[in-house]
Each structure stands twice: as structure tokens, then as C-alpha cells.
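Structure first, commentary second.
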Amino acid sequence: MATLQYTLVFSVMVAEICGFFLLILPMPERWKRGMFKAIGTSKIIKISTRYLLFIYGFIGLLLLDSIQKVKRSNDAIKQAHLQGMDSVAPTLHATKVIMLSTFNLIRNILEASQELDKTKINAMGDAYSKSKEEKLDEKIKMLRKELDETTQDIEKYKKMEIDYNNLKKQTENSYKEFIRLSEQHESLQNEQSGQIPDKKDK
């Protein structure tokens, strides 16, 4: 049974070390982003994270069992010294199991912390992207509003220009009519006074 526990703990440790070195290998940023994205969206990873608690419990039980074995080994050593027997090998074996179990617990805690930090970073990135999009939308709305106001001002000035041209034409027509009426009035006055109006070159 002790050999089975040792083998399981050692296998988990080797798998975690291989995964750790795979993640820190130098590779292009595009590959890293794709790999982390695949890990973050993988259903297998999500399901496996749910069973991390059971793995922690299992390793903890192994740790407790190893501690009990060390205690029993120490008791056996005391009895061996009394009886003249050598029991160093079981103690070394139990000590190795304790070290491996402790190492696995620490590594699992670190991996859980990294996963939590990654989740926080992704959440912050999503919040930053959302805030950036909202600011961009507000800026676009403001520019559209300014464009509408400018368009209205242009239409207003065009209308004022049309009104000015119409008023100018009316003024010119009124002036011409005034000149015509003045000449007609002068001609009538000359006819009444018996004078012959001078012919004007038109």
C-alpha cells in the first residue's frame, strides 16, 4: 500500500512538473495566447478544476498517513534500539512520502493562485475593453451631435443667404421703380408747365 501511495504521489508530481515546464517554454506570443485561450475555454480543464479539491484531500490524507508512518517508525526505532534491530529504511521511505506530499500541496496551491490571478486579469481586461468601448461610443455620439449642429448652422446660413439675395433683388426692383416714377413725375410736371421735356438718351 505504501508503494502505491508513493507511486501515485510521484506520478502527480511528475505530471505537474512536466506541465509547468511546458508552460514556461519559450514560444511565440501568438502560440502562448492560443494555448492559454484553449486552456481557459476547455471543458476538460473546467471539469478537472472542480476535482482539485478531491485531489487536495487525497494528498492531505497521504500526508497524514505518512506522518502516522513516521510516528510509527520512530516508535519502531525506539523499540529497535531496545531490541537491537535496524528500522531506518521505513523512516526514510515515510519521510520521502511526506516531502512529496508537501511539495504537491504547495504546487497545487500555487497553481490555484495563478488560475485565480489569471481570472482576475481576464476580468480586468474585459472591464477595460468595455470601458474603452463606452468611451468610444460617447465620443462618436458627441461628434455626431457636433456634425448635426454644424449642418444646421450651414442650412441656416444658406437660408439667410437666399433671403439676402431676395431682399437685394427686391431693393433693386424698388429702386428702378422709384427712378421710373420720378422720371414720370418730372415729365408730368413739365407738361403741366408747358415746357417741352428734353430728350434724354436712354
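The values are calculated or read from the model by the stated rules, or taken from the named source; none is laboratory data. Small disclaimer: the values here were computed from a predicted structure and weren't measured. Backbone-built Cβ (ideal geometry, glycine too); neighbour counts: all protein chains shown.
Here is how the numbers come out for the structure above:
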| read-out | value |
| --- | --- |
| Residue list for the stretch 22-57, restricted to those being of a type in the set (Phe, Trp, Tyr), closer than 17 Å to Ala112 by Cα and without any contact (Cβ under 8 Å) to a residue 40 or more places away in the chain | Tyr51, Phe54 |
| Residue within the stretch 85-96 that is of a type in the set (A, V, I, L, M) and modelled with pLDDT of 70 or more present | no |
| Close pairs (9 angstrom Cβ cut-off, 6 or more residues apart or separate chains): part of a loop (DSSP other than H, G, I, E, B) in the stretch 175-195, not aliphatic (A, V, I, L, M) anywhere | Gln195/Gln189 |
| Criterion (closer than 22 Å to Leu110 by Cα, assigned to a helix (DSSP H, G or I), at pLDDT 75 or above and out of contact with any strand residue (DSSP E or B) (no Cβ under 7 Å at 6 or more places or on another chain)) met by exactly one of Leu23, Leu61 | Leu61 |
| Residue within the stretch 155-167 that is modelled with pLDDT under 80, over 30 Å from Ile45 (Cβ atoms), outside any helix (DSSP H, G or I) and not small (Gly, Ala, Ser) present | no |
| Among (1) modelled with pLDDT of 70 or more; (2) surrounded by 15 or more Cβ atoms within 10 Å (Cβ to Cβ); (3) closer than 21 Å to Val14 by Cα, the one test that Lys69 misses | (3) |
